[in-house]
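Please read the structure below before turning to the comments.
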Number of protein chains: 2
Amino acid sequence: MDALLLSVLEAEPLHGYAIIEALQARSGGVLNVPTGTVYPALRRLEQAGYLASEWATVGGRKRRTYRLTSAGRTALAGERSAWREFATTIASVLEPRTAE
Amino acid sequence: MDALLLSVLEAEPLHGYAIIEALQARSGGVLNVPTGTVYPALRRLEQAGYLASEWATVGGRKRRTYRLTSAGRTALAGERSAWREFATTIASVLEPRTAE
DNA sequence: GCCTATCTATAGACACTCTACATGTAGAAC
DNA sequence: GTTCTACATGTAGAGTGTCTATAGATAGGC
C-alpha cells in the first residue's frame with residue numbers, strides 16, 4: 001500500500017480523494033481502495049517523513065494535498081526494488097519451471 | 001502464503017519441515033518462513049479441504065505428511081491466476097511505463 | 001553429556017486492511 | 001426546495017494473518 005501511495009505521488013502532489021481515483025485509473029479500474037485504508041496510510045507516511053501535506057480550499061471544499069519529500073523518493077525507490085524482489089521470489093515458487 | 005504451500009505440494013506430498021525447506025530451496029534461500037506461520041496455515045488449508053494429512057513415523061520421528069486434494073488443485077489454479085492479476089495490477093501502478 | 005538438526009505445535013503480540021460510521025459542501029435533477 | 005450524486009476527510013472497531021517466542025521430543029555426532 002505504502003509503495004502505491006508514494007508511486008502515485010511521484011509525478012505530482014495530490015489530495016486523498018484524487019489519490020484514490022489515480023489508483024483506480026492506473027490499475028485499469030481494478031484497485032478500489034477504501035478511504036479507511038488511504039487516509040490512515042497517508043498520515044502514517046507523513047509521520048514517517050515520506051510525505052508532507054498542505055491544506056487548500058478549492059471551490060468551497062477543503063483539500064489536504066500531499067507531496068513526496070526527498071526521503072519519500074528514497075523510500076519509493078526502496079519499495080520498488082523490494083517489490084521486484086518479492087514478486088520474483090513468489091513467482092519462483094508459484095510458477096512451474098520451464099528450464100529444469 | 002496459501003498459494004505457496006499449495007504450490008510446493010503440487011508435485012509430491014511433504015511434511016511441514018520439508019515444506020519449509022522446499023520453500024527456501026525454490027526461492028534460492030530468500031524465503032524463510034517460520035514454523036509459527038506454516039503449521040497454522042497447513043491446518044487452515046486442511047480445514048478448508050485443500051489438503052489432507054497422514055501421520056507417519058520415520059526413523060523414530062513422527063511426521064505429518066500433507067498432500068493436495070483435488071479441491072486443492074483447483075484452489076491452486078485460482079491462486080495462481082489471482083497472483084498474476086495482483087502482480088500485474090501492482091506493477092501497473094508502481095511502474096506505469098512497463099504496463100501501458 | 002551436550003549440541004545441532006529434525007519435527008510438530010501453540011499463545012500472544014503486532015500490523016495492516018476493511019466495513020461502517022460520522023460530517024459537510026456543491027451542483028444537478030425533479 | 002428537496003433529494004440525489006459527487007466531492008472530500010476522517011475515526012472506531014472488527015477481522016485476518018504473520019511473526020516472535022516458547023515448548024516438547026527424538027536422533028546422531030563429538
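The values are calculated or read from the model by the stated rules, or taken from the named source; none is laboratory data. Everything numeric in this text was worked out from a predicted model, so none of it was measured. So basically every Cβ, Gly included, is an ideal-geometry build from the backbone, and we count neighbours across all protein chains shown. Heads up: the accessible areas ignore ligands, DNA and RNA and are worked out on the full protein's heavy atoms, side chains in. Shrake-Rupley method; radii C 1.70, N 1.55, O 1.52, S 1.80 Å.
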Next on the checklist: Being more than 14 Å from the chain's Cα centre (by Cα), within 14 Å of DNA strand C (Cβ to nearest atom), more than 9 Å from chain B (Cβ to nearest Cβ) and closer than 30 Å to B:Asp2 by Cβ narrows it down to one residue among A:Gly60, A:Gly36; which is it?
Outcome noted: A:Gly36
Checklist entry - Only one residue in B:Ile20, B:Ile90 is among the aliphatic types (A, V, I, L, M), in a helix (DSSP H, G or I) and away from every other protein chain (no Cβ under 11 Å). Which one? => result B:Ile20
Checklist entry - Mind checking which residues of the stretch B:4-27 are open to solvent by less than 20 Å² (accessible area, probe 1.4 Å) and away from DNA strand C (no atom under 12 Å from the Cβ)? => result B:Leu4, B:Leu5, B:Leu6, B:Ser7, B:Val8, B:Leu9, B:Leu23, B:Ser27
Checklist outcome for this item: Scanning the stretch A:38-66 residue by residue, those at pLDDT below 95 and on the phi > 0 side of the Ramachandran plot turn out to be A:Gly59, A:Gly60
Checklist entry - Out of the residues in the stretch B:33-54 that are in a loop (DSSP other than H, G, I, E, B) and more than 10 Å from DNA strand D (Cβ to nearest atom), which is least open to solvent (accessible area, probe 1.4 Å)? => result B:Gly49
Next on the checklist: Filter the stretch A:76-91 down to the residues that are open to solvent by less than 30 Å² (accessible area, probe 1.4 Å) and either in contact (Cβ under 8 Å) with a residue 24 or more places away in the chain or touching a helix residue (DSSP H, G or I) at 6+ places or on another chain (Cβ under 6 Å) (or both) and list them by number.
Outcome noted: A:Leu76, A:Ala87
Checklist entry - Can you name the condition, by its number, that A:Val30 falls short on among (1) within 12 Å of DNA strand C (Cβ to nearest atom); (2) out of contact with any Ser or Thr (no Cβ under 9 Å at 6 or more places or on another chain)? => result (2)
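Quick check on this structure: which one of B:Trp83, B:Trp55 is facing chain A (nearest Cβ under 10 Å) and of a type in the set (Phe, Trp, Tyr)?
Exactly one of B:Trp83, B:Trp55 is facing chain A (nearest Cβ under 10 Å) and of a type in the set (Phe, Trp, Tyr), namely B:Trp83.
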Checklist outcome for this item: Considering the stretch B:60-100, residues that are in contact with a Ser or Thr (Cβ under 7 Å, 6 or more places away or on another chain) and over 15 Å from B:Ile19 (Cα atoms), and then whichever is farthest from DNA strand D (Cβ to nearest atom), we arrive at B:Ala99
Next on the checklist: I'd like to check something: does the stretch A:66-75 contain any residue that is more than 9 Å from chain B (Cβ to nearest Cβ), in contact with a His (Cβ under 9 Å, 6 or more places away or on another chain), crowded, with 16+ Cβ neighbours inside 10 Å and not hydrophobic (A, V, I, L, M, F, W, C)?
Outcome noted: yes
Next on the checklist: Would you confirm, using the coordinates I've provided, whether A:Glu95 is open to solvent by less than 60 Å² (accessible area, probe 1.4 Å), acidic (Asp, Glu), out of contact with any Leu (no Cβ under 6 Å at 6 or more places or on another chain) and within 11 Å of another protein chain (Cβ to nearest Cβ)?
Outcome noted: yes
Checklist outcome for this item: Every listed condition ((1) within 12 Å of DNA strand D (Cβ to nearest atom); (2) in contact with a strand residue (DSSP E or B) (Cβ under 7 Å, 6 or more places away or on another chain)) holds for A:Thr57 save (2)
